[in-house]
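Presented below is the structure to which this report refers.
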Amino acid sequence: METIKLVVFEVNGEEYGIAVQDVISIEKVEKRTMIPNMPEYLYGMAKVREELIPVIDTKYVFYRELLEVNEKSKVIVVQSNDLPVGLMVDDAKEIIDVNEIKPINEIAVYKTPFVAGVIHYNDRLITQIKVSDLVSALEELEKIKELIETEEVENYTET
């Protein structure tokens, strides 16, 4: 049985995991640039290691509520297809090794196509998220990518 390494993070009191190979870095929440008329799930744009990336509010994507940023909040920078993206989370907790991921039923996959399965780990349930499927499920991300490529976003003010 193959062991998989996951970065475990928390959103709205629930634990989620993403494959370590999809993670570029874990950053503190720094300044962001707001873009007018962008989707509600977009926390803003941020420069991470001199690269401009969109930062996604995972609480909004998962629960339709805005994440409240505090000292524990982190941005997990992930590589998705050809676009690096930041995932704003309540807390990035740990890296774990898992041997078994239980698939979820077809109805749940239809409602949340980015959920890969559930892990039972030391009396905890951790939901595995497929980064590429999560980003693919977000409407208008292609438009954001175009903005980044043309660097038009540089004209907006950081907050």
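Nothing in this text is a laboratory measurement; each read-out follows from the coordinates by a stated rule. All figures in this text were calculated on a predicted structure; none of them were measured in a lab. Here the Cβ is made from the backbone with ideal geometry for all residues, glycine too, and neighbour counts use every protein chain on show.
Can you compute the charge dipole magnitude of region 4-154 about its Cα centre, using +1 on each Lys and Arg Cβ and -1 on each Asp and Glu Cβ, nothing else charged? Give it in debye, rounded to the nearest 20.
On the way: 17 positive and 30 negative charges, 65 e Å.
Once rounded to the nearest 20, the dipole reads 320 debye.
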Cα-Cα over 27 Å, subset of K28/K130; K59/K102; K5/K143; K72/K130: K5/K143
FRET efficiency, H120 to E65 (Cβ-Cβ, R0 35 Å, nearest 0.05): 0.85
Angle in degrees between helix 141-150 and the longest Cα principal axis of the chain, rounded to the nearest 10: 40 degrees
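What does the charge count around L42 come to, taking other residues whose C-beta lies under 9 Å from its C-beta (Lys +1, Arg +1, Asp -1, Glu -1)? Don't jump to the answer; show the numbers that get you there.
On the way: positive: none; negative: E40, D57, E140.
Result for the neighbourhood of L42: -3.
How far, in nm, would the chain grow between T3 and Q21 when pulled straight, counting 0.36 nm per residue and subtracting the alpha carbon separation? Walk me through the numbers on the way to the answer.
Values: separation 18, 0.36 × 18 = 6.48 nm, distance 1.29 nm.
Difference between extended and current length: 5.2 nm.
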Estimated vicinal HN-Hα couplings, Hz - region 78-95 in sequence order (Karplus 6.51, -1.76, 1.60; Gly, Pro = x): 10, 9, 10, 6, 10, 9, x, 9, x, 10, 6, 10, 5, 6, 9, 9, 6, 10
Three semi-axes of the equivalent ellipsoid, region 4-154, Cα gyration tensor, whole Å, largest first: 26, 16, 14
